[in-house]
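Trainee: Have a look at this one before I ask anything.
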Amino acid sequence: MVKKQTYTLDEAKKNLEHYCVYQERCHKEVKQKLQKMNMIPEAIDVIIVHLIKHNFLNEERFTKAFVRGKFNIKKWGKYRLTLELKKKDISKANINQAINEIEDENYYKTFNDLAEKHFLTLTDKNKFKKKKKLVDYLLYRGWESHLVYEKASELIE
């Protein structure tokens, strides 16, 4: 029989402080981590309050970092960013605040660059298949459908 590791409250606090310092975390991730550590609900609440009070855990900061990172690195659009943050139980206010920090000029430039770059990789001879692949690619990344269809029509005549 495998003996499950147990943690004292202080050990768990230290462990989670390191977990939160390594990268920004949301409350849901921290709670899941504590549950995997077999902590009781009362201890989970105490630790989460401790992390928030000592600024290891900050949902607003997490949301902004998440949006910046996924937009700049993975080139996700607003729909995908919103969807992924909702999965992490982030409040609507935090989501909107973080997404509104993306400058429109930068947003549209990123979209156009991504669309044009992907368009150049498409080798289909059939223009309808080519258009569908471009549209699917951009929609999957969470770009608004009106932008996607306009750009696809512009690139594929």
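FYI, it's all coordinate maths here, none of it is from the lab. For clarity, every value in this text was computed on a predicted model and none was experimentally measured. Positions of Cβ are backbone-derived with ideal geometry, glycine not excepted, and every protein chain shown enters the neighbour counts.
Trainee: Would segment 104-155 count as rounded, prolate or oblate if I go by the C-alpha gyration tensor, calling it rounded below 1.5 in a/c and otherwise prolate when a/b exceeds b/c, oblate otherwise? Kindly include the intermediate steps, with their values, before the conclusion.
Mentor: Working: a/c = 2.08, a/b = 1.71, b/c = 1.22.
Prolate, since a/c reaches 1.5 and a/b exceeds b/c.
Trainee: What nm distance separates the two modelled labels at Asp104 and Glu11, each placed 7 Å from Cα along Cα→Cβ?
Mentor: 5.6
Trainee: Then there's this: What is the calculated FRET efficiency for Gln97 to Ile40, with r their C-beta to C-beta distance and R₀ = 25 Å, to the nearest 0.05?
Mentor: Numbers: r = 34 Å, r/R0 = 1.35.
It comes out at approximately 0.15.
Trainee: Shifting gears a bit: Taking the Cα-to-Cβ direction at Arg68 and at His18 and moving 7 Å from each Cα, how far apart do the two end points lie in nm?
Mentor: 2.6
Trainee: Hey, another quick one. Which entries in Lys75/Lys133; Lys92/Lys117; Lys70/Lys109; Lys78/Lys125; Lys78/Lys131; Lys28/Lys132 show an alpha-carbon gap greater than 26 Å?
Mentor: Details: Lys75/Lys133 17 Å; Lys92/Lys117 32 Å; Lys70/Lys109 16 Å; Lys78/Lys125 31 Å; Lys78/Lys131 22 Å; Lys28/Lys132 36 Å.
Correct reply: Lys92/Lys117; Lys78/Lys125; Lys28/Lys132.
Trainee: Note the direction-averaged projected area, equal to a quarter of the hull surface, for the Cα convex hull of segment 1-151, in nm². Could you put the intermediate results ahead of the total?
Mentor: Values: hull surface 50.8 nm².
Result: a mean projected hull area of 12.7 nm².
Trainee: So, in Å, what gap is there between the alpha-carbon centers of segment 76-113 and segment 20-49?
Mentor: 25
Trainee: Counting only residues 5 or more places away or on other chains, whose amide H sits under 5 Å from the amide H of Arg25 once H atoms are built in the peptide plane?
Mentor: The list, which skips near neighbours in sequence, is Asn58.
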